[in-house]
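Right, one structure below, let's go through it.
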Amino acid sequence: MKIQPIAAAQIPRDLLLLADPSWAQVTAYLSTGQCYGYQQDGQVVGVVVLTTFKTRVWEVKNIAVAPAYQHRGIAKALLATAIAVCQAAPTCDELQIGTGNSSLRQLAIYQHAGFEMIEVWVNFFVDNYPDPIYEAGLQCKSMVRLSMSTTGEVAQRVENESFTN
């Protein structure tokens, strides 16, 4: 396993679009994001992008794994990397992530990692994306926002957890 910082230009567009189907949305945050890639077989097969959301709060904007490499713990490793980066950053006290109401597997992974639901942005995907999005037979309409502290006891628990299914 090799996760390391990566230039945005090195991330395959198709990989980024797996987590966010709007290239306009992706390009809006990609230029200011910190990108980390998981490389295997000489190619980037997983990525996580971190941005500043507001003062002392960072956000995971994109986390994606190529379909042929899914269900191998890569997304969990990328998420753990994002958490570790935030824990080490003196300007980050909280890490947030947003996902669709229909992203059931991702919601479970994030909660197992120590994130807690904090709010729902009703109709976010309906209002901000030109085409309907469906996952697991459900229309993705609203964004579920989750948060975790990157300081103190919560961060320590996350650092020590294995995140197994």
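The values are calculated or read from the model by the stated rules, or taken from the named source; none is laboratory data. Just so it is clear, the structure is predicted and the values come from calculations on it, not from any experiment. All Cβ positions, glycine included, derive from the backbone under ideal geometry; neighbour counts span all protein chains shown. Just the protein is used for accessible areas: all its heavy atoms, side chains included, with ligands, DNA and RNA removed. Shrake-Rupley method; radii C 1.70, N 1.55, O 1.52, S 1.80 Å.
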Q | Matching residues in segment 27-43 - criterion: being modelled with pLDDT of 95 or more and of a type outside the set (Ser, Thr, Tyr) | A | Gln34, Cys35, Gly37
Q. Pick from segment 54-75 the residues that are under 23 Å from Ser31 (Cβ atoms) and among the polar types (S, T, N, Q): which of them is surrounded by the most Cβ atoms within 10 Å (Cβ to Cβ)?
A. Asn62
**Q.** Odd one out for Arg105 among (1) open to solvent by 70 Å² or more (accessible area, probe 1.4 Å); (2) at pLDDT 95 or above; (3) closer than 16 Å to Ala77 by Cα
**A.** (2)
(Q) Please verify whether Leu78 is buried (at least 21 other Cβ atoms within 10 Å of the Cβ), touching a Gly at 6+ places or on another chain (Cβ under 9 Å) and hydrophobic (A, V, I, L, M, F, W, C), treating the condition exactly as stated. (A) yes
Q. Exactly one of (1) touching a residue at least 60 places away in the same chain (Cβ under 8 Å); (2) part of a helix (DSSP H, G or I) is unmet by Pro21. Its number?
A. (2)
Q. Which of the residues spanning segment 23-60 are touching a Lys or Arg at 6+ places or on another chain (Cβ under 9 Å), of a type in the set (Ser, Thr, Tyr) and within 13 Å of Leu95 (Cα to Cα)?
A. Thr51
Q: Please find, within segment 1-53, the residue that is nearest to the chain's Cα centre (by Cα) out of those that are of a type in the set (Asp, Glu) and open to solvent by 70 Å² or more (accessible area, probe 1.4 Å).
A: Asp14
